[in-house]
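Heads up, the thing below is written out as structure tokens.
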Amino acid sequence: MTRTAEQAWDFLQPLYAENLTDRLHVTLTYAQSMDGIIAGPQGQQILISGKDSMVMTHALRLNVDGIIIGINTLINDSPRLTGRADYVGEDYLATHKQPTPVVLDTKLRFPLDALLLKNAATKQGKPPIIFTGVDQRDDKYSAQWRQLEDAGAHIYTVGVDTSGHLNLEEVCQNLKSRGMERVMIEGGASVIKTCLASFGLLDAVVVTIAPTWIGNGITIQNPLSKEVSCFEISKYEDIFGKLTHSLVALNANVQQRAIPTIRSRRGYGSQHFELVGRQYDETSYISSTLCQEF
Ligand SMILES: NC(=O)C1=CN([C@@H]2O[C@H](COP(=O)(O)OP(=O)(O)OC[C@H]3O[C@@H](n4cnc5c(N)ncnc54)[C@H](O)[C@@H]3O)[C@@H](O)[C@H]2O)C=CC1
Ligand SMILES: Nc1nc(O)c(N)c(N[C@@H]2O[C@H](COP(=O)(O)O)[C@@H](O)[C@H]2O)n1
């Protein structure tokens, strides 16, 4: 069964029921294997999502204003970050607008031959926004800054911490001030880890978990014990910090992709997570009663 973009968006609707006015709605979304791997050992891109998951990702892309990625993902994958007809169909594409690519680039390493710039020049995508920690007046970066702007990029300086991570709250406020309402953060590993460590930033987390063990590569968690049954993972807390005992049942014998969807709500004294307990396809079942507060 292949889902349509409309069906995929319907599935995600509960995550977007709340109408935010004062701040950006932020969805973290990525794809991982059951052992927590999101890319190959040297950062090679791996196709983890199945067709249904890709339809969902592309429908989501076409329902947000911006897609945020880290600079290593840009350099390793040279992604397009567009919603595409292959997944959503021509009609859906024609009735939705493309998101703006947003890159977290602490040291302004953005390559001038990146696909994002080429696609912007040919109107196949929106011009990218780059957030950086460097100053335009710094001689070391001014030439690169100018060339990126000449190629169509918009560049803004935000605060940076001692680990070289840009201040994501500031990034979100900046995007909101430019009229964005919703964004999705796609990765990579370092950005995902930062986001999961600061839950206050997120309104929704949508994880595609492929029922497969990859074994070697870039991980966002300590690998789950392989002794854990593929049908009942009861120690899922590695992925979501203190979230304990979520039951996700996957049929690992069937090469279909499962889509646990986890909703976070801001505004609680402590963070509150809730699995959206619905079945996405024949082979993915999600515990419907899980609710954790911490
Ligand atoms: N399976 C999936 O869904 C996805 C997989 N990937 C994979 O992830 C890999 C790249 O991951 P990483 O090397 O970890 O790089 P990354 O793409 O997370 O970029 C990390 C860099 O971004 C910069 N940065 C600026 N602000 C930051 C912040 N607040 N938090 C974290 N980083 C910040 C820093 O320079 C940092 O070194 C790629 O190989 C790509 O294929 C990327 C996206 C999705
Ligand atoms: N949803 C999803 N599933 C996978 O299996 C993936 N490897 C990724 N990767 C992300 O998608 C970007 C590529 O985007 P384009 O197809 O070039 O638009 C890649 O950079 C990752 O962010 N995502």
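Tabulated data for the structure shown
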read-out	value
Which numbered condition residue 148 fails, given (1) surrounded by 23 or more Cβ atoms within 10 Å (Cβ to Cβ); (2) over 19 Å from residue 176 (Cα atoms); (3) more than 16 Å from ligand 2 (Cβ to nearest atom); (4) free of Cβ contacts under 8 Å to residues at least 40 places away in the same chain	(4)
Residue among 164, 179, 133 that is modelled with pLDDT of 95 or more, surrounded by fewer than 15 Cβ atoms within 10 Å (Cβ to Cβ) and near ligand 1 (Cβ under 10 Å from one of its atoms)	164
Residue match in region 80-101 (condition: touching a Pro at 6+ places or on another chain (Cβ under 7 Å), modelled with pLDDT of 95 or more, within 12 Å of ligand 2 (Cβ to nearest atom) and part of a strand (DSSP E or B))	yes
Total residues in region 71-118, condition more than 16 Å from ligand 1 (Cβ to nearest atom), within 22 Å of residue 181 (Cβ to Cβ) and aliphatic (A, V, I, L, M)	3
Flag for residue 31 being small (Gly, Ala, Ser) and either within 11 Å of ligand 1 (Cβ to nearest atom) or in a loop (DSSP other than H, G, I, E, B) (or both)	yes
Hey, residue 68 within 15 Å of ligand 2 (Cβ to nearest atom) and under 17 Å from residue 181 (Cα atoms) or not	yes
Failed criterion for residue 106 (all others in (1) at pLDDT 95 or above; (2) outside any loop (DSSP other than H, G, I, E, B); (3) touching a Ser or Thr at 6+ places or on another chain (Cβ under 7 Å) hold)	(2)
Region 136-180 - residue that is assigned to a helix (DSSP H, G or I) and touching a helix residue (DSSP H, G or I) at 6+ places or on another chain (Cβ under 9 Å) and, of those, farthest from residue 203 (Cα to Cα)	148
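For every residue, the table says whether it meets (1) modelled with pLDDT under 75; (2) out of contact with any Phe, Trp or Tyr (no Cβ under 7 Å at 6 or more places or on another chain); (3) within 10 Å of ligand 2 (Cβ to nearest atom).
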residue: 15; (1), (2), (3): yes, yes, no
residue: 27; (1), (2), (3): no, yes, no
residue: 36; (1), (2), (3): no, yes, no
residue: 50; (1), (2), (3): yes, yes, yes
residue: 57; (1), (2), (3): no, yes, yes
residue: 60; (1), (2), (3): no, yes, yes
residue: 64; (1), (2), (3): no, yes, no
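The values are calculated or read from the model by the stated rules, or taken from the named source; none is laboratory data. This one's a predicted model, so the numbers in the text were calculated from it and none came from an experiment. Neighbour counts run over all protein chains shown; Cβ positions are idealised from the backbone, glycine included.
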